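Presented below is the structure to which this report refers.
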Amino acid sequence: MSAEWWREAIVYQVYPRSFADGDGDGQGDLRGLISRLDHLAELGVDALWLSPFYPSPLADGGYDVADYRDVDPRYGTLADFDHLVAEAGRRGIRVIVDIVPNHCSVQHPWFREALRGVGRDRFIFRDRPNGWQSKFGGSAWTQVEDGQWYLHLFDASQPDWNWRHPEVVAMFEDVLRFWLDRGVAGFRIDVANMLFKQDGLPEVELPAGTPLIPADAAVPYENQPELLELYRSWRAILEGYPGARMSVAEIWYGNAEVARPYLTGDGLAQLFNFRLMPAPWSAAQFRTVIEESHRLAMETGGSIPWVLGNHDVPRMVTRYGIDQDLVRAPTAEVMLGQVEVDVAVGTRRARAAALLLLALPGSAYIYQGDELGLPEHLTIPAGERRDPMFERTARAFIGRDGCRVPLPWSGQAMPYGFADVPVRPWLPQPEGWGTLSVAEQQADDGSTLELYRRAIAERRRHPALGDGDLTWLEHGPEVLAFQREPGFTLMVNFGAEPVPFTGTVLLASGPLDGGLLPCDTAVWLA
Ligand code: NOJ
């Protein structure tokens, strides 16, 4: 692996509240995570990215930070964090943490001061709101007691920082150094494209018929030019530390050109590529995304961090198991069981997608539980849903709880080994998850967990995989196929009919039909 290890790293996303519960309170924590690090080591990942674990009211799962330099007592202590970095390091696993610079929590001391009228200019207060909408639905403004309004592009509990205030800039530099000094390998930057708002806060036309603004709309609070300078300064901080520290930015875009300015020059090392997630299961649509993204990476000298799942989108198995015309807009009607989910089809496709992900040039992010082939949990009772998006959109969007359900580790009943004691986890798990648990799957040669382990081991061994180039192969409109040098071919059959292939099989996502590659199946060939 090169000095710029992130260019081809396999990174496993840990959503700490749902990974493993070490103290039996029904919520995951750092001790639980440390006790399960061998799972990550056996999977063979290079790094883990830890979603927020900072003190927080958890109004948005911890993306509402009350203190950027500590650990929420429910998750443990700073000593536990240091222990995690050391224990992961002993297994050759780096730790990336989430930094949330667009907004904090209403509980942050500076926002509490602002409510008392002190230092309001660290936030965006106005006498009158404009028409901006929250990303979670509803107005992006909330009024405080003395009549002023503050801006929150997400939940009302998440006031946006004013990035034109020098104290905000300096505070985040300190936060970066605080975690770098504790040995983190880098940062995942939350909503990295929204920090600066255009002067004068010009109005935005909201398209009719949707409670949410589409990801690609050009809006005056996204991709402002000041960001480039800021990220250059962050990069300089990272480069001041030994051991190659990195950052990966969360920026959603549909058009690859949005990414170009960030990737050119000495700014952000990487921007997540989420573009396969809203793509329906189609060879042509997948190929377009991969071609455009890869071309840009080659032109800018970057490498692509590919993502097929995270804590914000419906899980792959469910996404690929519904009518593919609905994949782009998983509203409540879609996700609440009013459409049919074919879990067998979804699982088959998700396994094929995993082999595609791990064969693509660049790095690969795996969301916890995707290595187990977990489906979205669709039947969480409304009263137990926690995602603010659910209520803020008047339940039109079901929200993201279904992909955040605690992992099943063992056993046949809740909490499925998530905790050692019989506790009801913070989000209930569905019936029947016993067969998907880590314990069951590691005993089963044909399991999704085994497929991931083998694929990751093969990717580490094979000189063609990881960072680099690809050459497209033509096998008809339903097949996605490329070659990587030396001596590696990937084929995915998106069509209904089996297709012929030649070569020696290194790995397949499902049973092969002699010399034929069946429907919804991927194969790695030498
Ligand atoms: C993106 C995070 O991934 C998501 O979970 C969160 O709700 C928003 N940013 C706001 O921080």
| task | Assess whether residue 119 counts as being at positive phi, more than 16 Å from the ligand (Cβ to nearest atom) and crowded, with 18+ Cβ neighbours inside 10 Å. | result | no
| message | I'm trying to understand the selection: among the residues of region 104-115, which are surrounded by 15 or more Cβ atoms within 10 Å (Cβ to Cβ) and more than 16 Å from the ligand (Cβ to nearest atom)? | response | 110, 114, 115
| Could you say whether any residue in region 412-427 is under 29 Å from residue 508 (Cβ atoms) and open to solvent by 40 Å² or more (accessible area, probe 1.4 Å)? | no
| message | Any residue at all in region 407-422 that's within 18 Å of the chain's Cα centre (by Cα) and within 25 Å of residue 43 (Cα to Cα)? | response | yes
| For residue 131: the one exception among (1) open to solvent by less than 30 Å² (accessible area, probe 1.4 Å); (2) of a type outside the set (Lys, Arg); (3) touching an Asp or Glu at 6+ places or on another chain (Cβ under 6 Å) | (1)
| message | Restricting to region 65-103, and then to whatever is within 16 Å of the ligand (Cβ to nearest atom) and assigned to a strand (DSSP E or B), can you tell me which residue is farthest from the chain's Cα centre (by Cα)? | response | 103
| field | Neighbours by Cβ (under 8 Å, 6+ apart or cross-chain): first from region 238-249, among the acidic types (Asp, Glu); second open to solvent by 10 Å² or more (accessible area, probe 1.4 Å) and at pLDDT 95 or above | value | 239/245
| Which number in (1) within 16 Å of the ligand (Cβ to nearest atom); (2) under 16 Å from the mean Cα position of the chain (by Cα) marks the one condition that residue 363 misses? | (1)
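Is it the case, given these coordinates, that residue 56 is touching a residue at least 24 places away in the same chain (Cβ under 8 Å), within 19 Å of the chain's Cα centre (by Cα) and within 13 Å of the ligand (Cβ to nearest atom)?
So residue 56 does not fit the description; no.
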| field | Any pair with Cβ under 7 angstrom, 6 or more apart, that starts in region 80-99 at a residue that is more than 22 Å from residue 189 (Cα to Cα) and ends at one that is open to solvent by 10 Å² or more (accessible area, probe 1.4 Å) | value | 80/31; 83/34; 87/34; 91/41
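Determine whether residue 397 is in a helix (DSSP H, G or I), under 21 Å from residue 59 (Cβ atoms) and within 16 Å of the ligand (Cβ to nearest atom).
For residue 397, the condition - in a helix (DSSP H, G or I), under 21 Å from residue 59 (Cβ atoms) and within 16 Å of the ligand (Cβ to nearest atom) - is not met.
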| task | Mind listing just one residue for me: the one in region 150-182 that is more than 23 Å from residue 3 (Cα to Cα) and among the charged types (D, E, K, R) and, of those, least open to solvent (accessible area, probe 1.4 Å)? | result | 160
| note | Within region 186-200, residues being more than 23 Å from residue 243 (Cβ to Cβ) and either away from the ligand (no atom under 13 Å from the Cβ) or hydroxyl-bearing (Ser, Thr, Tyr) (or both) number 5
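Only one of 405, 341, 345 is of a type in the set (Val, Ile, Thr) and not in a loop (DSSP other than H, G, I, E, B); which? I'd like the intermediate steps shown before the answer.
Working: 405 fails: not in a loop (DSSP other than H, G, I, E, B); 341 fails: not in a loop (DSSP other than H, G, I, E, B).
Of the residues listed, the single one that is of a type in the set (Val, Ile, Thr) and not in a loop (DSSP other than H, G, I, E, B) is 345.
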| said: Among (1) within 16 Å of the ligand (Cβ to nearest atom); (2) charged (D, E, K, R); (3) within 22 Å of residue 319 (Cβ to Cβ), there is one condition residue 392 misses while meeting the rest; what is its number? | reply: (3)
| query | Going through region 276-319 one residue at a time, which ones are over 22 Å from residue 19 (Cα atoms) and within 16 Å of the ligand (Cβ to nearest atom)? | reply | 277, 278, 305
| task | Tell me, yes or no, whether region 42-49 has at least one residue that is within 16 Å of the ligand (Cβ to nearest atom), open to solvent by less than 10 Å² (accessible area, probe 1.4 Å) and among the β-branched types (Val, Ile, Thr). | result | no
| Residue within region 183-199 that is more than 29 Å from residue 310 (Cβ to Cβ) and either open to solvent by 20 Å² or more (accessible area, probe 1.4 Å) or among the β-branched types (Val, Ile, Thr) (or both) present | yes
| message | Among the residues in region 292-302, are any outside any helix (DSSP H, G or I) and open to solvent by 10 Å² or more (accessible area, probe 1.4 Å)? | response | yes
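The values are calculated or read from the model by the stated rules, or taken from the named source; none is laboratory data. The structure displayed is predicted, hence computed values, not measured ones. No Cβ is skipped: glycine too gets one built from the backbone with ideal geometry, and neighbour counts run over all protein chains shown. All accessible areas refer to the heavy atoms of the entire protein, side chains included, with ligands and DNA or RNA removed. Shrake-Rupley method; radii C 1.70, N 1.55, O 1.52, S 1.80 Å.
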